[in-house]
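Written out below as C-alpha cells is the structure these notes cover.
The values are calculated or read from the model by the stated rules, or taken from the named source; none is laboratory data. The model shown is predicted, which means the values in this text are computed figures rather than measured ones. Glycine also receives a Cβ, built like all others from the backbone with ideal geometry; neighbour counts cover every protein chain displayed. We work out accessible area using only protein heavy atoms, side chains counted, and drop any ligands, DNA or RNA first. Shrake-Rupley method; radii C 1.70, N 1.55, O 1.52, S 1.80 Å.
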There are 2 protein chains.
Amino acid sequence: MHAFNKYPNPSVAIDLVVFGYREGKLNLLLLNRKEAPFQHSWTLPGAFLQMEELFQDTCHRILRTKLGLERFYLEQLYSFDALDRDPRGRALSVSYYALINPASYTTTAGAMANDVQWFPTEDLPPLGFDHASIVSVALKRLRAKILYHPVGFELLEEAFTLPELHQLYEAVLGVSIDRRNFRRKILESGYIIATGQKRTGAKNRHPDIYQFNKAITPHQFHLNIS
Amino acid sequence: MHAFNKYPNPSVAIDLVVFGYREGKLNLLLLNRKEAPFQHSWTLPGAFLQMEELFQDTCHRILRTKLGLERFYLEQLYSFDALDRDPRGRALSVSYYALINPASYTTTAGAMANDVQWFPTEDLPPLGFDHASIVSVALKRLRAKILYHPVGFELLEEAFTLPELHQLYEAVLGVSIDRRNFRRKILESGYIIATGQKRTGAKNRHPDIYQFNKAITPHQFHLNIS
DNA sequence: CTTAATTGCGTTATTATGACGCAAACATAC
DNA sequence: GTATGTTTGCGTCATAATAACGCAATTAAG
C-alpha cells in the first residue's frame, strides 16, 4: 500500500475524545504527553494513521493498546485542518469521540494508561495542539446527539436506574430536567426495559433497574429540552 | 510546509457533493472523468489537498476554478477511509457538500465545466470510487439538516415564493407535506420575510415573494415530518 | 362573467408538553 | 413496632403544538 499522487502528503493523525461519566459529572480522558511538542501538556490521546489502517483500526489501537479500553461506542466527529495545528509540520486530524463506562476501565491496562487522567468537562486544563477546539465540537455533538438518539446508555453500566440516567442527562446537557417528564419520555421511547430487579443499598426507596433494549428498531425520540 | 512523521502518508482527496434544485427535483453535479482510473465514469468533482491548503481552500478551488461556481453553501460531510477506495493506492477522502442555486451557474465557466452534468438524485448513474457511499451520506445529512436548519433557501434564488420552498422540501425529503401547515411553520420560524412583491406570470393567483431573513439570530425550527 | 387552478388564511380535534401533586418504598431513629 | 425524612414511581391538568382539513381571494383563459 502506498500513496500515489505526485505532491507531498500531509501527516494524518487520529485524535480521540473519550467521554466517561464519573461521580455525577461528564469527564474526559486526557493524556499527559511525555515528549515534544507540548511535552507535559494535556492532550487528547491520538496516533498517526498507518498506511494499512482504517480510521477505526487506529481508534482501536489507541483505545485498546494504549489505554486498555475494550468496550466503547465510537463515532467519527470531524476532520481538522489548521495549517499550524501541529508545530512539527502539516498534520490533519481525523477526530473521533468515544463513550465508555469508566467503571469497566482499569487505569493500568494500557501502555499510556499511567499518563492518563479523567477531567470533568467543566474544569479542563489547557490543551495542546488544537485539541480545545476538537473538544468543543465533541461536546456540542454529544449534547445534540443525546437528545434524539440512545447514546446515554453507553456511558452507564449495563444495568442502570432511571434516576442515574436522569442525572447523566442533566450532567451532559447542563440543564435541569423534570424528573417525571424525563421518565415518561424515556419509557415511551421503548429504548429501556425493566429487569424486574431493584437497586438496593440506598436508605430510601430502591429504584427499578433497567437495561438498554437491544431488540428495538432504531428510531429517534425527542427529549425537547428548551 | 511539510509532513513530518516517519511513516509514509496517504494521499488526501477532497470530494464534493454539489446539490442543486432543478425542475422540481434535487440534483447532483457529477463529473465525467477524462483520465484513469474510472475513465468515462461519472464521479464527484474533487482534487487532492495541497500541502498549504485548508480543506475549504481545496473546495473553493474545485468550485470556483474547476466548476465556475461563485456562490454556495459549504459544509464538511464526513471522511472516508476504505483501503481500496482508490485503485491507485491509499487515498483518504475528506468530503464536503455544497448547496448552490443552479440558475446562477453557467455551465461553461470552469475548467471542468464542459465535462459536468446535473443528475436527479433519484436517477443517478453508477459512480466511480466509493462516491456512491459519499452521496448516500450526503443525502442523509441534507435531509436531516433541512428539517431543523435554514438551508433550503441556499438552493433557491434570493427571491422565492412559499410554494417554491414547499416543493423544494417535498423534493428533498421525498414526502408530501401539508401546504398550509408548512407555511405556518416556516413563517413562524421568522427565517423568511415578505418583500411585498408578487411573482407574476402564472395563470392563477400570484404568490408572494419572500427573502431569507439574514438579520435573524440562528436557531432551530422543527418541521417534524413523520 | 364564468371556469379552473392556486394561494393565503383560518378552524378544529387530537396529541404532546410542562408543571406539578401525592402515595409507596426504604433506612434510620425512636 | 412506629414515626421520620427522603427518594421513587405514578398520575393529573392546563397549555401548547400538531395534523387534517374548509374556504374565500386571486389570476388568466375561455
Next item on the list: Give me the percent of the accessible area of the protein assembly as shown that comes from carbon and sulfur atoms, probe 1.4 Å, all protein chains in place.
Entry: 50
Check: In chain A, how does Rg compare with the Kirkwood Rh, expressed as the Rg/Rh ratio over alpha carbon atoms?
Finding: 1.01
Checklist line | Distances in nm from B:Pro120 to the matching label points in the other copies, shortest first (labels 7 Å along Cα to Cβ) | finding: 5.7
Checklist line | Rg(Cα) / (2.2 N^0.38 Å) computed for the protein assembly as shown, rounded to two decimals | finding: 1.09
Next item on the list: Extending each Cα 7 Å along its Cβ direction at B:Arg183 and B:Lys145, get the distance between those two points in nm, one decimal.
Entry: 2.9
Next item on the list: Identify, among B:Phe4, A:His40, B:Gln117, the residue whose Cα sits farthest towards the positive end of the charge dipole of the protein assembly as shown, taking +1 on the Cβ of Lys and Arg and -1 on the Cβ of Asp and Glu, with the dipole about the Cα centre.
Entry: B:Gln117
Notebook entry, point to check: Given a Förster radius of 41 Å and the C-beta distance between B:Lys6 and A:Glu170 as r, what FRET efficiency does 1/(1 + (r/R0)^6) yield to the nearest 0.05?
Noted result: 0.35
Checklist line | Other-copy label distances relative to A:Pro8, 7 angstrom Cα-Cβ extension, nm | finding: 1.7
Check: Quick one: if the Förster radius is 22 Å, what FRET efficiency do A:Glu52 and B:Ser133 give, using the C-beta to C-beta distance and rounding to 0.05?
Finding: 0.60
Note to self: Just to be sure I understand: if you take the accessible area of chain B alone plus chain A alone and subtract the pair, with a 1.4 Å probe, what total do you get in Å², rounded to 100?
What the structure shows: 3300
Margin query: Can you tell me the orientation of helix B:162-173 relative to chain B, as the angle in degrees between its alpha-carbon axis and the longest Cα principal axis, to the nearest 10?
Written below: 40
Next item on the list: Over the stretch B:159-212, average the accessible area per residue using a 1.4 Å probe and give it in Å², no decimals.
Entry: 60
Item checked: Relative contact order, percent, the stretch B:40-112 [alpha-carbon distance under 8 Å, six or more residues apart] -> 33
Next item on the list: Calculate one ³J(HN,Hα) per residue across the stretch B:37-50 by plugging θ = phi - 60° into the Karplus curve 6.51 cos²θ - 1.76 cosθ + 1.60, and present them in order as whole Hz with x for glycine and proline.
Entry: x, 6, 4, 6, 8, 7, 9, 6, x, x, 6, 7, 5, 8
Notebook entry, point to check: What ranking, highest mean first, results for peptides A:143-152, B:171-180, A:58-67, B:77-86 when packing means the other Cβ atoms within 10 Å averaged over each residue?
Noted result: A:58-67, B:77-86, A:143-152, B:171-180
Checklist line | Estimated [θ] at 222 nm from DSSP helical runs (n ≥ 4, -39500 (n - 2.57)) normalised by residues in chain A, nearest 500 | finding: -6000 deg cm²/dmol
Check: Hey, for A:Glu157 with labels 7 Å out along Cα-Cβ, what do the inter-copy distances come to in nm, ordered shortest first?
Finding: 6.4
Next item on the list: Quick one: angle between helix B:131-148 and the longest Cα principal axis of chain B, in degrees between 0 and 90, rounded to 10, please.
Entry: 30
Note to self: So if each residue of separation counts as 0.36 nm, and I subtract the Cα-Cα distance between B:Thr200 and B:His222, what length gain in nm does that give?
What the structure shows: 4.8 nm
Check: How about the stretch B:70-85: which of its residues lose at least 10 Å² of accessible area in the presence of all protein chains relative to their chain isolated, using a 1.4 Å probe?
Finding: B:Gln76, B:Tyr78, B:Ser79, B:Asp81, B:Leu83
Next item on the list: Filter the cross-link list B:Lys25/B:Lys140; B:Lys34/B:Lys66; A:Lys145/B:Lys25; A:Lys6/B:Lys6; A:Lys25/B:Lys145; A:Lys34/A:Lys145 down to pairs whose alpha-carbon distance in this structure exceeds 22 Å.
Entry: A:Lys145/B:Lys25; A:Lys25/B:Lys145; A:Lys34/A:Lys145
Next item on the list: Give me a single rounded figure for A:5-16: the average over its residues of other chain Cβ atoms within 10 Å of their Cβ.
Entry: 6
Checklist line | Dipole in debye (nearest 20) - chain B, about Cα centre, beta carbon charges: Lys, Arg +1; Asp, Glu -1 | finding: 580
Margin query: For the stretch A:1-102, what does the accessible surface come to per residue with a 1.4 Å probe? Please give it in Å².
Written below: 37
Notebook entry, point to check: Between the stretch A:76-99 and the stretch B:63-118, what is the C-alpha centre distance in whole Å?
Noted result: 22
Next item on the list: Scan around B:Arg22 for amide H atoms under 5 Å from its own, H built in the peptide plane at 1.01 Å from N, and keep only partners 5 or more places away or cross-chain.
Entry: B:Asn27
Checklist line | Percent of beta bridges antiparallel (DSSP, the protein assembly as shown, rounded to nearest 5) | finding: 70
